[in-house]
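Below is one structure, written out as structure tokens, with a few remarks after it.
Each value in this text was obtained by applying a stated rule to the coordinates, not by laboratory testing. Computed from a predicted structure; not experimentally measured. We place every Cβ from the backbone using ideal geometry, glycine too, and count neighbours over all the protein chains shown.
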Amino acid sequence: MSAAPMNPRQLETPPPAAGEELMNLVMRAGKLLLENGAEVFRVQQTMDIIARSYGGQDVNIYVLTNGLYCSMEGQRTRVAYVPEATTHLGRVAEINDLSRRIAAGKVPLAEASTRLEEIAALPPTPAWGQVAACAGGSACFAILFGGVWADVGWMLLIGVVLQLFLFGAARLRLNKIFTKLVGAGLVAALAVALPCRGMDQVIIGCLMPLTPGIALTMSIRDFINGDYLSGTIRLIDALLIAGSIACGVGLVLVGAGSLLGVVFP
């Protein structure tokens, strides 16, 4: 009687990897995901898939919005701190694709490490693209909220200035809360200084690039997935940013009103 055919995936599965190299790969993948805006549960799931696909035993992973914890049989527990996170969904998508190929047994460990470094080197959106997106988004949101077409030029200008300020703040590594506060104040100051017909709509629309939409959305998803700690952290982050934006606009409007003798609605 002939033996049952083997599953092709079993033939492609790599042998158990060296623990140290595997731990480095798992931590690197998790840190890259968290740094580039991936959801907490997705980071934890991807790290677990990679570890078990290469033969990791007794794998325990815990992920927070700004930290990673990973333990594995025969290895010391690793901890990584991720103080700041940007949004680069292209890197997230590439790491997810890599994890699927690893789970299918198609990527040796050394190749996976090399590919991960290539993903980490993927460039962000060009500066001109970010400026155009900020300007266009500001104008579109302002029109959506009832702005007049005659102000479109001013909306685009404010969006360009705002994005240039954000570039400078990132280069100087300014605190996120301070950046949002000053950015919101800058938008309000420009809207007051320029001859805008619908100042309120211009301010609201041009503030949209600063709003913490991703943090709030991910907070809700964390709560739904039962990760209340990460959800609370993201919710507090979103509320602090929203408060900073409100304070920045309020301070400028109160200050401008006092100087000009005008009470802004």
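Mind putting a number on the dipole of the chain about its Cα centre? Charges go on the C-beta only, +1 for Lys and Arg and -1 for Asp and Glu, and I need it in Debye to the nearest 20.
Computed charge dipole of the chain: roughly 220 debye.
Pull out a ≥ b ≥ c, the square roots of the eigenvalues of the alpha-carbon gyration tensor of the range 11-120, then state rounded if a/c is under 1.5, prolate if not and a/b is larger than b/c, and oblate in the remaining case.
Numbers: a/c = 1.92, a/b = 1.23, b/c = 1.56.
Note, shape of the range 11-120 comes out oblate.
Helix 127-144 versus the longest principal axis of the chain: what angle, 0 to 90°, nearest 10, using Cα atoms?
Between helix and principal axis, roughly 60 degrees.
Go through Ala132, Thr211, Ala120 and say which Cα lies farthest out towards the positive end of the charge dipole of the chain; charges sit on Cβ, +1 for Lys and Arg, -1 for Asp and Glu.
Ala132
Multiply the residue gap between Tyr228 and Phe167 by 0.36 nm, knock off their C-alpha separation, and tell me the result in nm, one decimal place.
18.7 nm
For Cα Rg over 2.2 N^0.38 Å, which listed value, (1) 1.14; (2) 1.42; (3) 1.29, comes from the coordinates shown?
(3)
Which whole-number percent gives the relative contact order of the range 127-260, counting Cα pairs below 8 Å spaced six or more residues apart?
Result for the range 127-260 is 30 percent.
Angle check, please: helix 152-172 long axis (alpha carbons) against the longest principal axis of the chain (alpha carbons), in degrees 0 to 90, nearest 10.
Helix 152-172 sits at roughly 50 degrees to that axis.
Order these peptides, 232-238, 211-217, by their mean beta-carbon neighbour count within 10 angstrom, highest first.
So the order, starting with the most tightly packed, is 232-238, 211-217.
With label points built 7 Å along Cα→Cβ from the Cα atoms of Val79 and Val254, find their separation and express it in nm.
Once both label points are built, they end up 4.1 nm from each other.
Cβ neighbours within 10 Å, averaged per peptide: list 153-160, 195-202 in order, most packed at the top.
153-160, 195-202
At a 10 angstrom cut-off on C-beta neighbours, averaged per residue, how do the peptides 125-136, 61-72, 166-177 rank from highest to lowest?
61-72, 125-136, 166-177
Over the chain, what is the relative contact order in percent, taking alpha-carbon pairs closer than 8 angstrom and at least six residues apart? The partial results should precede the final answer.
Values: 358 pairs, mean separation 42.4, N = 265.
That works out to 16 percent.
Based on the Cβ-Cβ distance from Glu111 to Ala133, what FRET efficiency comes out when R0 is 41 Å, to the nearest 0.05?
0.75
Please determine, in degrees from 0 to 90 and to the nearest 10, the orientation of helix 228-260 with respect to the longest principal axis defined by the Cα atoms of the chain, where the helix direction is its Cα long axis.
With rounding to tens, the tilt is 20 degrees.
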